[in-house]
Each structure stands twice: as C-alpha cells, then as structure tokens.
Amino acid sequence: MGASTNGGRAPDGRATRWAGQRERRRAEFVDAAIEAVALHGPEVSTEQIAEQAGVARTRLYKHFSDAADLNRALVERVTEMIAAELEPVLYSGSTPRDGVEAAVRTHLQWLTRHSNLYRYLLRQTADSPSGAGQAVHDVKSAMATMLAGLFRDYTAAFELDMPAQWVDVLAFGIVGLIEAATSRWMADPSQITEDELAQRLSRWVWLTLDDALRAEGIELDPDVWLPLPPPSDSASAPTAQAPTPAAAAPPATSD
C-alpha cells in the first residue's frame, strides 16, 4: 500500500482560482483607468480612476503596488490596443504605397479616437522619474518591433540582401518619425487636417523606405501588388515569389 506524501501534491486549486481572479480584477481596473482618462483627460487622478472602477483608492492599490505599477499595466493595454488595430493592416497584402498609407491612417485614427489616453502617456513620460516615465517609449518600441518583424519577414521571404541591423534601425526610425510628427500635430491640429497629415506622412515614410531599399540595391514599384510573406518562424512555409518590380538592381558601390 503506497503512502501519500506532500512532495507530489498538486497545486492548490483555490490558489490558482485566486490568482486568476486577481488578474481579472487588474484587467477590470485597467479598463476603468482607460475610461477615466477618456472622461477626465490626461491629468486624471488615482482617485478618479478608483471612482470609475467603483472602489476606494486603497482597494485599487491591493491590486497594484503603486501608481507606477498601474501605469505599466496601462502601457501594456495601450500596446495591445494599437497592435490589434495595426496588425490586420500590416498583414493584409497591398501595394507598398497603399500599405504605407493604410498603416499611417490607421494609427492617426487611433490617436484621434484616444487622444486623451495618448496625452496621458506623454504626461507620464514627462513627469515620472520612474520606469513609468518610459510609457511612450515602451509603446513606440513595441510598434517598431512589430514593424521590424514584418520587414524581416519580407527580406527573408524574398531573399533580399538587407542587413538585419538596418532593418531594426529603419523600423524604429519610421515609427519615430510618425510619432514625433503626430505628437506635434496633436498639440495644435488647427493648421493641418488629419487627411493632409496622413498624406504627407505616408509620402515621407514611403520615400524613407524606398531610399533604404535602393541603398541595398533593391528597387520596388510602389504601385504593384506585394504578396504577403510567410511568417519568418514558419520553416515549412513556401518561399514567397518577389513581385516583378522587386528585382534587385546591382548594389551601389562607392568610389
């Protein structure tokens, strides 16, 4: 007859359920924080967030260690929200020009719909000396990483000879351009319409992409359909066929 021991005991079901409940409550409080920011603006207080959640401020901090912890959770949620908007656009398949403009317009539309939330993140970045002060930086990094992943998928699928380090720099540079320009526009949108900004930014982004590709000897027609590449982590996926205009010209050489 085998004797039971504590060493092989399965995890306490109550502890698992409690952990899941705490995560759900945290998510609910983050939702309430986003609603409070939309309602009260970027200077929203923790008390207003707690009020929106229907709990006392002390109750809120039973689920977040401090304001910085709440801000980090907000940043994670904002990153998820932006990714949910952009990923279907980035991976929809289109001509390069149309794809760039669709992504730029999608991001601008998200910012205008959530302008108070974006300004809240800007305020946290400017005011907080802690890790929460990296709010906008963290969101931009997540966006750039997603864009770099798309670029790497294309360079791998079409066997384009573009160094990996430049793929990352290019992605971060494009996101930095878009974020800096839109941040300035949002501070005073009276002089430029959203449509004008979208058109101009789309042109700038395409010219940046085109120049980066030409520097590597790659010429791409912006108005010819570009097929979606298989994900780079899919070893069994067939190699995508590069569109005719993507045939690389001889790399430029310096004298």
Q. Between Ile218 and residues 5 or more places away or on another chain, which pairs have amide H atoms under 5 Å apart, with H built 1.01 Å from N, and which residues are they?
A. Ala249
Q: Sketch the reach of a paramagnetic label on Glu219 as a point 7 Å from Cα along Cα-to-Cβ, and name the residues of the stretch 143-187 whose backbone nitrogen lies under 17 Å away.
A: 161
**Q.** Selection from Leu39, Gly54, Phe64, by position along the positive dipole direction of the stretch 15-64 (Cβ)
**A.** Phe64
Q | Ellipsoid equivalent to the stretch 66-246 - semi-axes via the Cα gyration tensor, in Å | A | 30, 19, 14
Q: Just subtract the alpha-carbon distance of Ser92 and Asp210 from 0.36 nm times their residue separation and send over the number in nm, one decimal.
A: 40.5 nm
Q: Subtracting the Cα-Cα distance from 0.36 nm times the residue separation, let me have the gained length for Gln21 to Arg113 in nm, one decimal.
A: 30.1 nm
Q. What distance in nm separates the simple spin-label points at Ser65 and Arg184, each placed 7 Å from Cα in the Cβ direction?
A. 3.8
**Q.** Computed magnitude of the charge dipole of the stretch 15-64 (debye, nearest 20; Cβ of K, R +1, Cβ of D, E -1)
**A.** 440
Q: Convert each backbone phi in the stretch 187-197 into a coupling constant with the Karplus relation 6.51 cos²θ - 1.76 cosθ + 1.60 (shift: θ = phi - 60°), then list the ³J(HN,Hα) values in order as whole Hz, x for Gly and Pro.
A: 5, 7, x, 6, 8, 9, 7, 4, 5, 5, 5
Q: Amide H neighbours of Ser94 under 5 Å, at least 5 residues apart or on other chains, H built in the peptide plane: list them.
A: Leu226
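Just so you know, all these numbers are worked out from the coordinates, no wet-lab data involved. Computed from a predicted structure; not experimentally measured. When we count neighbours, we look across all protein chains shown, and the Cβ atoms used for this are built from the backbone with ideal geometry, even at glycine.
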